[in-house]
Amino acid sequence: MTTLRLYNTLTRQKEDFAPLDPDNVRLYVCGPTVYDYAHIGNARPVIVFDVLYRLLRHVYGADHVTYVRNITDIDDKINARAAEVAAAKNVSVEAARAEITAATAKQYLDDVTALGCLPPTHTPRATEYVKQMVAMIGKLVADGHAYPAEGHVLFDVSSKPDYGKLARRSLDEMLAGARVEVAPYKKNPMDFVLWKPSDDLTPGWESPWGRGRPGWHIECSAMGEALLGETFDIHGGGIDLMFPHHENEIAQSESAHHDHQLAKVWMHNGFLQVEGEKMSKSLGNFVTINELLKDWRGDVVRFNMLKTHYRQPIDWTSQGLVESFNTLANWFRTFSLSSEMSQPIADSVLEALSDDLNTPKMIAELHVLYRDGKHELLASTLKALGFSGDIEDPKIAVGSEGAIAIEQQIAARTAARKAKNFAESDRIRDELLAKGIVLKDGPNGTTWEVKR
RNA sequence: GGCCACGUGGCGGAGUGGUGACGCAGCGGUCUGCAAAACCGCGUACCCCGGUUCAAUUCCGGGCGUGGCCUCCA
């Protein structure tokens, strides 16, 4: 059996991966907060961990991997939007919240599916697990790891001696760098919120500490526990979540579970920049997955994402997308992917992926397969990696009528060439080119494609 | 200010203590009426300065640069 090596943020080194239970390998990845379209940065962990999910399924068997990716539908940004919608439509904040999150979550799942990502085994929503969150908070309070204060419940970081082990930062260091005002009711400035009170205009749930809502970190702890148990194999997410989110998740879960380790391996994907700059709404370079999919098929986006190793920062550029498109176009004009093909993965690719998801190496190996004429193996490998084989330009859908017209033009050109009427044949070629159609003369006749 | 990553040819991007991955672009060629495509061939790169070593891009130290985190953020 293939041995995977994965970089573990906890130990800061690559380790051989040995599942707690090979019959049920468990993976948790932090999903989106659903208040707006997901952007291309959100797509990175989804694609990266989908590759990991596929790899685990390949190695341990498709029925022996449980993948949980949550949807956060309790959040103050959502609440802010819900308040606006509630006021505008004269509905309750609860109804507005439900409407916003349902629509955004559906959009997210559609986008991610278009990127070739398999649905996780479970996609829990935070609102469905409030009961479990309240129970976990209650346990933490009872055990002295948390305390109520002014309607809030706070986690007491001093009760967790190894707090900071993931981020590798001591409490003193965190305090030295702190730049935020500390709420007066906190015992320790680093204490974080498990539960906070809701007013009448904010969605809330009943709890022993009054009507309120859970803090962000406890959501993942509760959902992870409910679906994967106290200890699971791999926890993934963006590197920006390492602190405080993941650190706090560890603190909560391990404190509630008699110090049983939350996850054996922590994996973090690097950040993404757009054309060399940090992506932000103010810079106007904010790219949503949805917009991107209007210009490029999911295969192109997926391939482009995998050209960079997941732990490296990635610079998202249009030049890169064109390059990715051209590569795939080159392959898919030689062979196609069929849905019923068996899906063996080339050994060289498996080897690259097994080394901490070395996808740049994997792509190099794909090129080698192509160069060596192993088209069938290349096709099945791509299929197994989540590619569909469809990279037609979504903007220039020629359609069957358009295709027939083009074929007629090509026939006319071929006839002109046979008659050595090159002025006419070149005219037809130029005319098609003006419409964005490129002709390619090969030994078996002329083919065409949309220029990119 | 504190903490942490990273710095490979025109570009993207692997890897290694000692024979220059892979792709794009570029150059040359085959083919073609021509062009494109396709195919074949061509590249002595590893931020700077010290140190260790027979040998460093690869290990160690320092410097510079870029990015991230410390606050919601994938």
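Only residues that are assigned to a helix (DSSP H, G or I) and out of contact with any Asp or Glu (no Cβ under 8 Å at 6 or more places or on another chain) were counted in the stretch A:305-320, giving 4. Suppose the filter is out of contact with any Asp or Glu (no Cβ under 9 Å at 6 or more places or on another chain) and touching a residue at least 60 places away in the same chain (Cβ under 8 Å); does A:Thr359 pass it? Yes: the conditions hold for A:Thr359.
Within the stretch A:232-255, the set of residues being in contact with a Ser or Thr (Cβ under 9 Å, 6 or more places away or on another chain) and away from RNA strand B (no atom under 16 Å from the Cβ) comprises A:Phe232, A:Ser253, A:Ser255. The conditions of being within 31 Å of the chain's Cα centre (by Cα), in a loop (DSSP other than H, G, I, E, B) and among the hydrophobic types (A, V, I, L, M, F, W, C) are met by A:Leu118.
Can you confirm whether A:Leu328 is outside the structural domain of A:Val59 (by TED's automatic domain parsing), more than 9 Å from RNA strand B (Cβ to nearest atom) and open to solvent by less than 30 Å² (accessible area, probe 1.4 Å)? Answer is yes for this residue. In the stretch A:369-380, of all residues being within 14 Å of RNA strand B (Cβ to nearest atom) and within 16 Å of A:Leu328 (Cβ to Cβ), the one that is surrounded by the fewest Cβ atoms within 10 Å (Cβ to Cβ) corresponds to A:Arg371. Being free of Cβ contacts under 8 Å to residues at least 12 places away in the same chain and within 30 Å of A:Arg5 (Cβ to Cβ) is a property that holds for A:Asp259. Candidates A:Trp195, A:Trp216: the one that is in contact with a strand residue (DSSP E or B) (Cβ under 9 Å, 6 or more places away or on another chain) and more than 10 Å from RNA strand B (Cβ to nearest atom) is A:Trp195. I want to confirm something. Restricting to the stretch A:308-324 and keeping residues that are crowded, with 18+ Cβ neighbours inside 10 Å and of a type in the set (A, V, I, L, M, F, W, C), which single residue is nearest to RNA strand B (Cβ to nearest atom)? Step by step, filter the stretch A:308-324, then rank; the result is A:Ile314. Would you check if there is a residue in the stretch A:270-280 being touching a residue at least 24 places away in the same chain (Cβ under 8 Å) and crowded, with 24+ Cβ neighbours inside 10 Å? Within the stretch A:270-280, not a single residue is touching a residue at least 24 places away in the same chain (Cβ under 8 Å) and crowded, with 24+ Cβ neighbours inside 10 Å.
If you go through the stretch A:71-110 and keep only what is within 15 Å of RNA strand B (Cβ to nearest atom), open to solvent by 60 Å² or more (accessible area, probe 1.4 Å) and either at pLDDT 90 or above or of a type in the set (Lys, Arg) (or both), you end up with A:Lys77, A:Arg81.
A:Val85 satisfies every condition listed in (1) under 26 Å from A:Gly237 (Cβ atoms); (2) in contact with a helix residue (DSSP H, G or I) (Cβ under 6 Å, 6 or more places away or on another chain) except (1). Taking the stretch A:403-444 as the range and being within 24 Å of A:Leu328 (Cβ to Cβ), small (Gly, Ala, Ser) and within 11 Å of RNA strand B (Cβ to nearest atom) as the test, only A:Gly442 passes. For the stretch A:270-285, a residue qualifies if it is modelled with pLDDT of 80 or more and either of a type in the set (Val, Ile, Thr) or more than 10 Å from RNA strand B (Cβ to nearest atom) (or both), and the qualifying residues are A:Val274, A:Glu275.
Among the residues of this structure, A:Leu194 counts as one that is closer than 17 Å to A:Pro244 by Cβ and either among the aliphatic types (A, V, I, L, M) or open to solvent by 60 Å² or more (accessible area, probe 1.4 Å) (or both). Checked across the stretch A:296-307, the condition of being more than 9 Å from RNA strand B (Cβ to nearest atom), farther than 22 Å from A:Asp50 by Cβ and open to solvent by 30 Å² or more (accessible area, probe 1.4 Å) holds for no residue. Residue-level check: of (1) touching a residue at least 60 places away in the same chain (Cβ under 8 Å); (2) in a loop (DSSP other than H, G, I, E, B); (3) in contact with a strand residue (DSSP E or B) (Cβ under 9 Å, 6 or more places away or on another chain), A:Ala329 misses just (2).
Taking A:Gly224, is it touching a residue at least 40 places away in the same chain (Cβ under 8 Å), open to solvent by 20 Å² or more (accessible area, probe 1.4 Å) and farther than 17 Å from A:His152 by Cα? Taking the combined requirement at face value, the residue does not satisfy it.
Are any residues in the stretch A:284-304 β-branched (Val, Ile, Thr) and touching an Asp or Glu at 6+ places or on another chain (Cβ under 7 Å), and if so, which ones? Within the stretch A:284-304, just A:Ile289 meets the criteria. For the stretch A:414-428, does any single residue satisfy the condition of being at positive phi and surrounded by fewer than 13 Cβ atoms within 10 Å (Cβ to Cβ)? Scanning the stretch A:414-428, I find at least one residue that is at positive phi and surrounded by fewer than 13 Cβ atoms within 10 Å (Cβ to Cβ), so the answer is yes. Being over 17 Å from A:Val193 (Cβ atoms) and either of a type outside the set (S, T, N, Q) or assigned by TED's automatic domain parsing to the domain that holds A:Lys186 (or both) is true of A:Thr121.
The values are calculated or read from the model by the stated rules, or taken from the named source; none is laboratory data. Quick caveat, the model's predicted, so the values are computed rather than measured. Note that we place each Cβ from the backbone using ideal geometry, even for glycine, and neighbour counts take in every protein chain shown. All accessible areas refer to the heavy atoms of the entire protein, side chains included, with ligands and DNA or RNA removed. Shrake-Rupley method; radii C 1.70, N 1.55, O 1.52, S 1.80 Å.
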